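Just below is one structure, and these are the notes that go with it.
The values are calculated or read from the model by the stated rules, or taken from the named source; none is laboratory data. All values reported here derive from a predicted model rather than from experimental measurement. Don't worry about glycine lacking a Cβ; one is built from the backbone with ideal geometry, like all the others, and counts go over all protein chains shown. Remember, those area values only see protein heavy atoms, side chains included, never the ligands or the DNA or RNA. Shrake-Rupley method; radii C 1.70, N 1.55, O 1.52, S 1.80 Å.
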Amino acid sequence: MRSPSLSARIGIGLLSGLLLGILASLGGWTELVRLWVLPWGTLFLNGLKLVAAPLIVCSVLSSFASSAGWPRFGVRVVLGFLASTATAVTLGLTLCALWGPGRDLDPTARQALLDRYGGEAQQRAEQVRADREQSFVEAIAHMVPDNFAAALSDNRAMLELVVAVLVFGLALSTVPRRHTENLRAFLEGLEALLLKLVQLLLHVAPLGVLALMAALVVDVAGSSLNRLLALLKALAGYAGVLAFGFAGMLVLYALALTIGSPLGWRRFWRAFRPAMLVAFSTSSSAATLPVTLERCERELMIPQPISRFALPLGATMHMDGTALYQAVAALFIAQVLGAELGLADYLRLGLLVLLISVGTAPVPGAGVVMLVLVLEYLDLPSESVALILGIDRLVNMCRTVLNVTGDAVVATLVAFPRRSAD
């Protein structure tokens with residue numbers, strides 16, 4: 001009898017976790033889930049995070065070291081990232097403007113959301129205000145870390161780590177090969193070890209996903225599912241726009257793969273489903289990166305120089321899901337508060353979201369912090385982010401799927417362009 005595929009096992013774990021969370025909420029076992037189930041999910045998540053940063057270093061350096069053609073495909077990768085993110089922002093703004101979910105939000109529900117999540121929103125706003133005290137030039141300067149080990153040990157400094165590794169990679173590509181043979185051999189060996197660890201982690205992924213999903217339901221619903229249902233009802237329009245936006249981007253990815261690559265979308269989805277499920281359960285592009293690399297190289301057969309350049313870079317600088325979410329969330333809040341935006345405001349908002357998404361850390365919750373910047377740019381009270389915090393964890397799971405899928409789609413299109421089949 002044929003054993004279930006990896007994606008099927010992870011899917012079963014996800015559904016089992018959802019069921020366990022519902023039963024725990026109904027039966028009043030929320031503390032039992034937090035104390036005895038969540039730690040297994042945390043263990044799985046920490047294992048992925050443990051591998052992620054070293055894998056980024058090895059992958060990027062190996063890409064520069066092993067390929068003399070990286071400037072050619074590197075430009076194509078960056079242009080692909082910009083094009084897909086701009087598409088996500090445009091789609092999000094268009095759907096939210098046409099649908100207008102914030103215009104019909106019940107005033108009582110609006111006040112209840114502000115009261116419940118106002119304290120958390122205030123903390124996020126204060127964090128952003130502290131960051132904004134530095135000038136633009138200072139922000140650019142801080143993109144290069146002064147301590148490589150510190151950046152390597154902090155997942156929230158992933159952008160700084162990638163910038164540092166890119167600088168090292170550029171230097172490595174100019175050093176004669178005879179002087180770097182030992183370094184290249186070390187990087188290849190360390191990469192092999194890290195990818196083997198990823199394969200071992202995937203064996204326990206169903207259990208980790210089950211634990212994370214059960215804890216999520218308990219965290220959102222508490223001891224009563226009515227709380228979750230009331231929250232979803234109040235924000236149904238906002239969630240609907242995001243769902244249409246996320247689904248629309250997946251359709252566009254499928255079209256791009258059908259038109260632009262002989263690989264086709266069916267093979268892509270079959271190979272990449274496990275990474276999408278891990279992204280959904282962990283809500284972290286950085287934590288999912290090891291699985292993304294494993295799926296792209298082992299199943300999609302993307303050449304290592306391309307995958308190890310594009311995917312680590314994309315995990316920190318290419319956030320289609322985050323960009324779409326920030327565009328929709330900012331416009332939704334503006335509609336709730338009755339702010340009138342003109343065409344010029346839409347254009348400026350789209351450009352700002354495009355730029356901010358590049359600097360969003362690939363860790364859970366970072367998108368909300370960056371959203372506060374967008375709200376202040378629109379002269380909206382930063383505390384109004386409380387309106388969407390209630391379901392942000394659920395939204396974060398979906399947008400992470402889009403983030404990692406977009407990275408893999410661009411890498412696939414660059415690796416297997418349609419003309420290669422001619």
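For the stretch 378-422, taking the residues that are over 30 Å from LEU257 (Cα atoms) and in contact with a Lys or Arg (Cβ under 8 Å, 6 or more places away or on another chain), the one that is surrounded by the fewest Cβ atoms within 10 Å (Cβ to Cβ) is identified as SER382.
For every residue, the table says whether it meets (1) open to solvent by 50 Å² or more (accessible area, probe 1.4 Å); (2) modelled with pLDDT under 80.
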site: MET158; (1), (2): no, yes
site: VAL167; (1), (2): yes, no
site: LEU183; (1), (2): yes, no
site: GLU188; (1), (2): yes, no
site: LEU193; (1), (2): yes, no
site: LEU202; (1), (2): no, no
site: VAL209; (1), (2): no, no
site: ALA215; (1), (2): no, no
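In the stretch 230-261, the residue that is nearest to VAL401 (Cα to Cα) out of those that are in contact with a Phe, Trp or Tyr (Cβ under 9 Å, 6 or more places away or on another chain) and open to solvent by 60 Å² or more (accessible area, probe 1.4 Å) is PHE244.
Just so you know, in the stretch 16-41 the residues that are assigned to a helix (DSSP H, G or I), farther than 11 Å from VAL217 by Cβ and without any contact (Cβ under 8 Å) to a residue 60 or more places away in the chain include one that is most open to solvent (accessible area, probe 1.4 Å), and it is TRP36. In the stretch 232-263, which residues are of a type in the set (S, T, N, Q) and touching a Lys or Arg at 6+ places or on another chain (Cβ under 8 Å)? Answer for the stretch 232-263, where residues must be of a type in the set (S, T, N, Q) and touching a Lys or Arg at 6+ places or on another chain (Cβ under 8 Å): just SER261.
Annotation note: Cβ proximity below 8 Å between a residue of the stretch 159-180 that is farther than 12 Å from PRO145 by Cα and in a helix (DSSP H, G or I) and a residue that is open to solvent by 60 Å² or more (accessible area, probe 1.4 Å) and at pLDDT 85 or above (sequence gap 6+ or interchain) occurs for LEU172/LEU183. Selection within the stretch 42-52: residues that are more than 10 Å from PRO290 (Cβ to Cβ) and touching a Ser or Thr at 6+ places or on another chain (Cβ under 9 Å). The member of this set that is surrounded by the most Cβ atoms within 10 Å (Cβ to Cβ) is PHE44. Residue under question is SER173, and the condition is that it be polar (S, T, N, Q), open to solvent by 70 Å² or more (accessible area, probe 1.4 Å), at pLDDT 75 or above and in contact with a helix residue (DSSP H, G or I) (Cβ under 8 Å, 6 or more places away or on another chain); does it hold? No, not satisfied. Using the structure shown, decide if VAL60 is modelled with pLDDT under 80, among the hydrophobic types (A, V, I, L, M, F, W, C) and assigned to a helix (DSSP H, G or I). Spelling it out, VAL60 is indeed modelled with pLDDT under 80, among the hydrophobic types (A, V, I, L, M, F, W, C) and assigned to a helix (DSSP H, G or I). Just give me the residues in the stretch 63-75 being buried (at least 16 other Cβ atoms within 10 Å of the Cβ) and either at pLDDT 80 or above or among the small types (Gly, Ala, Ser) (or both), in sequence order. Scanning the stretch 63-75 gives SER63, ALA65, SER66, SER67, PHE73, GLY74.
Please tell me if VAL137 is open to solvent by less than 70 Å² (accessible area, probe 1.4 Å), under 27 Å from the mean Cα position of the chain (by Cα) and at pLDDT below 85. Judged against the criteria, VAL137 is not a match.
The sole residue among VAL336, VAL374, VAL278 that is within 18 Å of the chain's Cα centre (by Cα) and either of a type in the set (Val, Ile, Thr) or open to solvent by less than 10 Å² (accessible area, probe 1.4 Å) (or both) is VAL278. Each residue in the stretch 281-314 was checked for being touching a residue at least 60 places away in the same chain (Cβ under 8 Å) and open to solvent by 40 Å² or more (accessible area, probe 1.4 Å), and 2 of them qualify.
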